[in-house]
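Inspection log for the structure reproduced underneath, given as structure tokens.
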Amino acid sequence: MTRGREDEPVTIRRAAPGDAAALLAIYAPLVTDTAISFELNPPAEAEFAARIERALDGFEWLVAERAGEPIGYAYATAHRARAAYRFSVETSVYVAERARRGGVGGALYRELLPRLAARGYGNAYAGITLPNPPSLELHRAAGFEPIGVFPAVGWKFGRWHDVGWWHRRLRDAPPEDRDR
């Protein structure tokens, strides 16, 4: 008996710039059809590949696949540019519509967060456009805690949108020799 694609196991691997087209296909509808992303237009494939490359240089970008097909991704980037923020990251998770509510986001976070801690990052932050109950549930399940809301911070589709901020501690302190 052959299992359907949805029964295939999900595998997680490190992304590569060559994944840009497949991952952009997941992301673009969230840009054009929702306020989940505050981008107004999907980036070009070359720009998306460059984003992956930048995230892989010091952070992480992971891809979830089922039967060799990308169905989601998660990544981390710098939280802010000033030096004191260097041990904190912002994270994002995106899952293809056909794979949502199936544990893909949780599987990505279970891989991403320990990798970031191993790299010396102490804190992960996530901004979630509100309302977004599935994302709130994902972040709560991944150990994030709500820390505040930026009211009316983004303007898209003719109205203001709030962003809830969530935090998860990754490690108690940065590596000892990284205080300068």
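The values are calculated or read from the model by the stated rules, or taken from the named source; none is laboratory data. Since the model is a prediction, treat every value here as computed from it, not as a measurement. Note that we place each Cβ from the backbone using ideal geometry, even for glycine, and neighbour counts take in every protein chain shown. Remember, those area values only see protein heavy atoms, side chains included, never the ligands or the DNA or RNA. Shrake-Rupley method; radii C 1.70, N 1.55, O 1.52, S 1.80 Å.
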Please give the FRET efficiency for Ala25 paired with His167, using the beta carbon to beta carbon distance and R0 = 25 Å, rounded to the nearest 0.05.
0.25
Could you tell me which residue out of Phe87, Ile36, Ala107 lies farthest along the dipole of segment 1-155 toward its positive end? Charges go on the beta carbon: Lys and Arg +1, Asp and Glu -1, centred on the Cα centre.
Phe87
For the chain, what is the accessible area per residue in Å² when the probe is 1.4 Å?
56 Å²
Tell me the label-point distance for the pair Arg101, Glu39, using the 7 Å Cα-to-Cβ offset, in nm and rounded to one decimal.
2.6 nm
Within a Gaussian network of the chain (alpha carbon springs, distance under 10 Å), most fluctuating of Arg51, Arg82, Arg115
Arg82
When all C-alpha to C-alpha distances in the chain are sorted into bins of 5 Å, what percent of pairs does each bin hold, rounded to whole numbers?
1, 8, 16, 20, 21, 18, 10, 5, 2, 1, 0, 0
GNM of the chain, Cα pairs under 10 angstrom: of Gly105, Gly122, Gly148, the biggest fluctuation goes to Gly148
Cα gyration tensor of segment 97-180, axes a ≥ b ≥ c as square roots of the eigenvalues: rounded (a/c below 1.5), prolate (a/b > b/c) or oblate?
oblate
Let me know the Rg and Dmax you get for segment 1-83 when you use only its Cα atoms, in Å.
14.5, 56
Which length gain, in nm to one decimal place, applies between Arg82 and Glu145 when the Cα-Cα distance is subtracted from 0.36 nm times their residue separation?
20.3 nm
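If the only charges are +1 at each Lys and Arg Cβ and -1 at each Asp and Glu Cβ, what is the size of the charge dipole of segment 1-90 around the Cα centre, to the nearest 20 debye?
For this selection, approximately 400 debye.
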I want to verify a result. In a Gaussian network model of the chain, Cα cutoff 10 Å, which of these has the top mean-square fluctuation: Gly158, Gly120, Gly106?
Gly158
Please identify the helices of the chain, taking whole runs of DSSP H, that span at least 15 Å along their own axis as judged from the Cα atoms and have a mean Kyte-Doolittle score of 0.5 or higher.
20-33, 104-118
